[in-house]
Every structure is written in C-alpha cells, then in structure tokens.
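Some notes on the structure that comes next.
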Amino acid sequence: MAKQNTVFKDAFNRALTLMAEAERLPSEPELSQSLGVSRTTVRAILARMQELGLISWDKRAKLKLRGPQAEDYFPNEETDSLSAIIERSFMRRILAGGAEPGMQINELELARDIGTGTTAVREFLIRFSRFGLIEKRPNSHWVLKGFTRQFALELTDVREMFELRSAAGFAALPEDHAAWSELAAIEEVHHALLSAIDTRYLEFSELDERFHLLVHRASSNRFIVDFYDIISIVFHYHYQWNKTNARQRNARALEEHLDYIAALKTRDLARVEAACRQHLRSARETLLQSIP
C-alpha cells in the first residue's frame, strides 16, 4: 500500500509539472501514457486536482482554473523511491549511533525499521560498500569504516565538475519550469531554518540534500544524478561525524545556499559559477576538517 501511495504522489507531482507547461489539459489516455500509470491512478490525480481547486472536472470535461503552486506538490520525501527511503533510514541510523568507525549495521534490523525485505537493504549496502566505507561481516552484519583524505579530495574534485555543469543547466531552465517553484519553496525553508538556527541547526543536512539534488537534476544527465547518491551519503553526511561547531558550520552553509539561490534566480552564469564555487570550497574545507 505504501508503495502504491508513493507511485500516486510521484505521478501527481509529474502531472502538475505537465499542467504547468501545457495550455490545455491532456485527456485521460494521454495522461496515462505520459505518466506511465493506470487510468485509475489518473482519475485519482484528477480528483485531487479538483479538490485543490486546480481544475473543474465533470467526466470528460476538464477546465484549468489556475496554475500549480509550490504548496500543491507533495514533498520530495513522500515521493521517494524505495532505494532513497533505505538510504535515508541508513544514514539516520548511523548518525543516531554516533557514526563511529567500527559501528555495526544489521541488515535485518534496518529492513525491519523501514518495513521492507532484506534483499533491497542488502543490495543498497553492497552498492554502498564499493566505496570502502562499510565492510561485510558474517551473519548479516556490516561494519562502518572511515575514509581517507585522498578519497575526500577525489570526491570533491568530481563533485565540483558535476555541480558547476548542473548549476549552469538550472539557470537556463525556462521560467515556467517546475524547478523554479521548488527552488522558491526551498528558499523559504532556508530562511525559516536560519531564523531558528540555535534550535534547528541539525535539520540542515536533509535540506542540504534536497537543494543540491534539485540543482543536479537540472543537468538531465542520469550519470550526474546517480553520482549525487554517493555525494549525499558521503559528502553531506560524513562531516557531521565531527559535530564540533555544527551550529556555526550549518548557519554559514545556509547563508551560502541563499547566495547561491539568489545567483540562480538572476540567470547570470558568471554570478552562478562564483556562488557555486564559494559554497563548494567551504564544503570541501568542512569535509577535510572531519577527517582525523
């Protein structure tokens, strides 16, 4: 049931994007084909659109009443794939345990927490293990390991190349692209978090992931987006293992994000590149400081 709900929410968000970009509402068969979902799911999408006041709908007659706003979309965390849910649960578990090298991760416990089978969890852990950060032990146990300064430097070099390309791609998106609405929503969350930084600074990591993933998706390059999975696991979480000055670090990162967002909104490529490079330099410093 949870999986079906995720499919619906993901399809609904994509339908909103289609609606924002189209002058007329597609027919039910057209929506079904475009979204890759059943006619039943399409009808559920239309019913929700009507409930939100986006359309009027009477059998075949559909009239667009207004364009979608950021608040009409389901949050990203509610439309995630199973692999993304496993990734988030995995990172929360190791961070809650202090993320010390030598910490044990149990496949069965992780699968039970998520409510899924061990096969999907094992596949995720095997994929993650390619980078040498965890190691398989007998009886469904894995052990958390650290990583080297050289690994971190190589990772940040690749990240810089990919993100600069993605940021330029984002700045070139058409004005009516749904990504701009998502960026506006993310900007609001940044201001709210910064205004309550003393008590909410630990919420930064998930916002950080949400923002950078949005930028990477603008590349429309499957390899860049796939690489970001490793970035979010390694880069955006590893430096938290050293919690010294976490509040100050996260406040600084929030301010740099806001500068970065402001640059994206100008569509000035020179300004976008400068803001992106400044933030990536700070992130590199933070990551390197976390390595003993």
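Selection within region 215-236: residues that are crowded, with 18+ Cβ neighbours inside 10 Å, closer than 13 Å to Ala179 by Cβ and not polar (S, T, N, Q). The member of this set that is modelled with the highest pLDDT is Val215. When Asp176, Asp198 are checked against the criterion of being touching a residue at least 40 places away in the same chain (Cβ under 8 Å), among the charged types (D, E, K, R) and either outside any helix (DSSP H, G or I) or touching a Pro at 6+ places or on another chain (Cβ under 6 Å) (or both), a single residue qualifies: Asp176. Residues that are within 24 Å of His177 (Cα to Cα), in contact with a Ser or Thr (Cβ under 9 Å, 6 or more places away or on another chain), free of Cβ contacts under 8 Å to residues at least 12 places away in the same chain and assigned to a helix (DSSP H, G or I) within region 20-44 comprise just one, Ser32.
Checking the condition surrounded by fewer than 17 Cβ atoms within 10 Å (Cβ to Cβ), aliphatic (A, V, I, L, M) and at pLDDT below 90, which residue from Leu202, Leu258 passes?
Numbers: Leu258 fails: at pLDDT below 90.
Checking each option against the conditions leaves just Leu202.
With the structure loaded, tell me whether Arg165 is in contact with an Asp or Glu (Cβ under 8 Å, 6 or more places away or on another chain), part of a helix (DSSP H, G or I) and open to solvent by 70 Å² or more (accessible area, probe 1.4 Å) or whether it fails that test.
Answer is no for this residue.
In the set Thr266, Thr244, only one residue is among the β-branched types (Val, Ile, Thr) and either within 22 Å of Phe128 (Cβ to Cβ) or modelled with pLDDT of 95 or more (or both); that residue is Thr266. Here is a check on your reading of the model: is His212 under 17 Å from the mean Cα position of the chain (by Cα) and modelled with pLDDT of 85 or more? The answer is yes for His212.
The values are calculated or read from the model by the stated rules, or taken from the named source; none is laboratory data. This one's a predicted model, so the numbers in the text were calculated from it and none came from an experiment. Positions of Cβ are generated from backbone atoms using ideal geometry, with glycine treated the same way; all protein chains shown enter the neighbour counts. Calculation scope for accessible area: heavy atoms of the full protein, side chains included, ligands and nucleic acids excluded. Shrake-Rupley method; radii C 1.70, N 1.55, O 1.52, S 1.80 Å.
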